[in-house]
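Participant: I'd like to ask you about the structure that follows.
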């Protein structure tokens with residue numbers, strides 16, 4: 001396998017990991033507690049739109065359980081567009097460790 005294929009494959013796996021881990025993080029920290037402790041959350045949730053605590057909690061669960069699956073795609077766009085705009089910066093490993101990380 002040539003180095004460009006290896007770079008593309010590593011890049012693809014890295015992006016997949018970033019998308020999946022970001023989405024799972026939101027799901028784990030915000031979504032699952034609301035889903036698992038529904039009755040406790042129902043007692044403590046605020047109702048800013050005055051539609052009822054039950055509907056407010058259902059919308060929150062949708063936003064924090066289903067939407068992380070959509071975040072998996074958008075997170076990639078946000079993170080890498082930021083890197084594209086800002087550039088790599090001064091702290092780039094392949095410059096500091098030229099022999100170890102640079103492909104021929």
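The values are calculated or read from the model by the stated rules, or taken from the named source; none is laboratory data. Keep in mind that what you see is a predicted model, and the values were worked out from it rather than measured. With ideal geometry, Cβ positions are generated from the backbone for all residues, glycine too; neighbour counts draw on all protein chains shown.
Participant: Looking at residue 61, is it part of a helix (DSSP H, G or I), at pLDDT 75 or above and surrounded by fewer than 11 Cβ atoms within 10 Å (Cβ to Cβ)?
Facilitator: Working: part of a helix (DSSP H, G or I): yes; at pLDDT 75 or above: yes; surrounded by fewer than 11 Cβ atoms within 10 Å (Cβ to Cβ): no.
Judged against the criteria, residue 61 is not a match.
Participant: Return only the number of the condition from (1) at pLDDT 85 or above; (2) in a helix (DSSP H, G or I); (3) surrounded by fewer than 10 Cβ atoms within 10 Å (Cβ to Cβ) that residue 82 does not satisfy.
Facilitator: (1)
Participant: Would you call residue 12 out of contact with any helix residue (DSSP H, G or I) (no Cβ under 8 Å at 6 or more places or on another chain) and touching a residue at least 12 places away in the same chain (Cβ under 8 Å)? Full working, then the answer.
Facilitator: On the way: out of contact with any helix residue (DSSP H, G or I) (no Cβ under 8 Å at 6 or more places or on another chain): yes; touching a residue at least 12 places away in the same chain (Cβ under 8 Å): no.
So residue 12 does not fit the description; no.
Participant: Please verify whether residue 77 is loosely packed, with under 13 Cβ neighbours inside 10 Å, at pLDDT below 80 and not in a loop (DSSP other than H, G, I, E, B), treating the condition exactly as stated.
Facilitator: On the way: loosely packed, with under 13 Cβ neighbours inside 10 Å: yes; at pLDDT below 80: yes; not in a loop (DSSP other than H, G, I, E, B): yes.
So residue 77 passes the test.
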